[in-house]
Amino acid sequence: MERTAVLEQFDVMRVRKDFPILTRTVNGKPLVYLDNGATTQKPQQVIDAIVNYYTQMNSNVHRGVHHLSQLATDAFEVTRHKLQPFIHAAHEHEIILTKGTTESINLVANCYGKAFVHAGDEIIISAMEHHSNIVPWQIMCEERGALLKVVPINDAGELDMDAYRSMLSDRTRLVAMTYVSNALGTINPVNEIIALAHAAGAPVLLDAAQAVQHLTIDVQALDVDFLAFSGHKMYGPTGVGVLYGKEKWLNAMPPYQSGGEMIKEVTFAKTTYNELPFKFEAGTPNIEAGICLAHAIDYLMDIGLDNIARYEHELLDYATQRLLRIPGLRIIGTAKEKSSVVSFLLDGAHPYDVGVILDKLGIAVRTGHHCTQPLMDRYGIPGTVRASIALYNTREDIDALVAGVERAASMLI
Ligand SMILES: Cc1ncc(COP(=O)(O)O)c(C=O)c1O
């Protein structure tokens, strides 16, 4: 389909009306929000749900017989109920509500590590991982005497699949990879990654923090063992995230944190644990975020992830073509399969300075290492300027970005 046709079919102006923050100004200019990889803005539907929670049902979940507690518990469980078809999980109890991707990955590193990883075993990650999919594995490997192996990438930011194949062995205990790179936008060949790991007898964790808001995910079709993502990057509230795990793994792993909720019976002599998913949900969760995530899922499902992906991809192409016309601009991350992230550098200018000038123009981008320091080292750069696109961005946003970068170039170079 022609770019114009796609952009016109998707009614972005209608979508923008759902996001009240997009009407504000920053530094006297209309806000151009292109830091969606860090966190997305929230539609009115999610904001209303938060207000509704505190005005109509604030109460603790899974504990009280009273009316408000039942309302809150039911609403909280609605989210789990909606997450199941959203990621096509076989069972609702395979969905653990956490506080975000970081906690989901830490949970697996910790609990899977205790159950399955021994001295001499190996964990495989990639060179493009976010720190939250590096450090938990590093710590676990140190504790258990295991070895962390890192799959390299080529200059375009694509995984070296031959290197990956050669790293897999009967010592591989788990493969943990990002689905979509937050710094480069690369979409990794997850089907192949998973099939190869399984052939070597290793389960796979996918960090879907940058995938779930852009792509339809089917955990059963992927046959992925664990999937982690955050609510706040998919138009939902902060403080809630998801760990999907296959029942067989979750049942075989010890609990993560301990306390209320995760127990079946406690005596001073012995404690038995609750069943899934509650075994991994100790203590009072972030109730309003848990409940309101359901509204973000509804929002995404109503528009349709395929429509979103198509629209965002056209905008990505538009941004890439326009930015590349700026003399001295270099895009970092040119993989064939990319999601809506464009990371770039202006020769002779520090990314931070570019970011400050863009901010003065009301344009929000991210500058720096994007929590991927080893990746920046791989490219020998201090960081990049990253524009990350969401479903409410427009061609006008991209035009403003391009004009802002041109202005920065004229001032800095
Ligand atoms: C690829 C990736 N993984 C993990 C995370 C961590 O997510 P959170 O801070 O929501 O736990 C991020 C956040 O930027 C990310 O982009």
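The values are calculated or read from the model by the stated rules, or taken from the named source; none is laboratory data. In this text, all values refer to a predicted model and were calculated from it rather than measured experimentally. For the accessible areas, the whole protein counts, side chains as well, though only heavy atoms, and no ligand, DNA or RNA atoms are used. Shrake-Rupley method; radii C 1.70, N 1.55, O 1.52, S 1.80 Å.
Quick look at the values:
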quantity: Portion, in percent, of the accessible area of segment 292-355 that falls on carbon or sulfur, probe 1.4 Å; calculated: 48
quantity: Rounded percent of accessible protein surface that carbon and sulfur make up, segment 93-141, 1.4 Å probe; calculated: 58
quantity: Cross-link pairs K99/K338; K248/K279; K233/K336; K338/K360; K82/K246 - those with Cα-Cα distance over 20 Å; calculated: K99/K338; K233/K336; K338/K360
quantity: Largest-first ordering by accessible area, 1.4 Å probe, given options V26, V46; calculated: V26, V46
quantity: 3J(HN,Hα) from dihedral phi, segment 26-33, Karplus parametrisation 6.51/-1.76/1.60, rounded to Hz, x for glycine, proline; calculated: 10, 6, x, 10, x, 5, 10, 9
quantity: GNM top mover of N52, N182, N36 - the chain, alpha-carbon springs below 10 Å; calculated: N52
quantity: Principal axis dimensions, segment 351-413 - Cα atoms, whole angstrom, descending; calculated: 34, 31, 15
quantity: Residue-wise HN-Hα coupling along segment 266-279, computed from phi with Karplus coefficients 6.51, -1.76, 1.60 (Hz; x: Gly, Pro); calculated: 10, 10, 5, 7, 6, 10, 9, 9, 5, 7, 5, x, 5, 3
quantity: Rg over Rh [alpha-carbon atoms, Kirkwood Rh] for segment 39-95; calculated: 1.04
quantity: 1.4 Å probe accessible area per residue over the chain, in Å²; calculated: 41
quantity: Candidate residues I50, I217: accessible-area rank, largest first, probe 1.4 Å; calculated: I50, I217
quantity: Estimated D of the chain in µm² per second, where Rh is the Kirkwood radius over Cα pairs and Stokes-Einstein applies at 10 °C, 1.306 mPa s; calculated: 71
quantity: With DNA, RNA and ligands ignored, accessible area of E143 (1.4 Å probe; Å², nearest 10); calculated: 140
quantity: Note, ³J(HN,Hα) from phi for segment 395-408, Karplus 6.51, -1.76, 1.60, rounded to Hz, x at Gly and Pro; calculated: 4, 5, 4, 5, 4, 5, 4, 4, 4, x, 5, 4, 5, 4
quantity: Listed residues W249, W137 arranged by accessible area, highest first, probe 1.4 Å; calculated: W249, W137
quantity: Debye log10 I(q)/I(0) for segment 115-238, one point scatterer per Cα, at q = 0.11, 0.23 Å⁻¹; calculated: -0.35, -1.46
quantity: T320 - accessible surface, heavy atoms, 1.4 Å probe, Å² rounded to 10; calculated: 40
quantity: Probe 1.4 Å - accessible area at R378, Å² to nearest ten; calculated: 80
quantity: Pairwise centroid distance, computed over Cα atoms, of segment 283-323 with segment 166-225, Å; calculated: 20
quantity: 5 Å binning of all Cα-Cα separations within segment 285-337, expressed as whole percents from 0 upward; calculated: 4, 15, 15, 15, 12, 12, 12, 10, 5, 1, 0
quantity: Between 0 and 90°, nearest 10: helix 351-360 axis offset from the chain longest Cα axis; calculated: 80
quantity: Diffusion constant of segment 1-116 at 25 °C, which comes from Stokes-Einstein with the Kirkwood Cα-pair radius and 0.890 mPa s, µm²/s; calculated: 134
quantity: Estimated [θ] at 222 nm from DSSP helical runs (n ≥ 4, -39500 (n - 2.57)) normalised by residues in the chain, nearest 500; calculated: -12500 deg cm²/dmol
quantity: Segment 303-413: proportion of alpha-carbon pairs further apart than 20 angstrom, %; calculated: 39
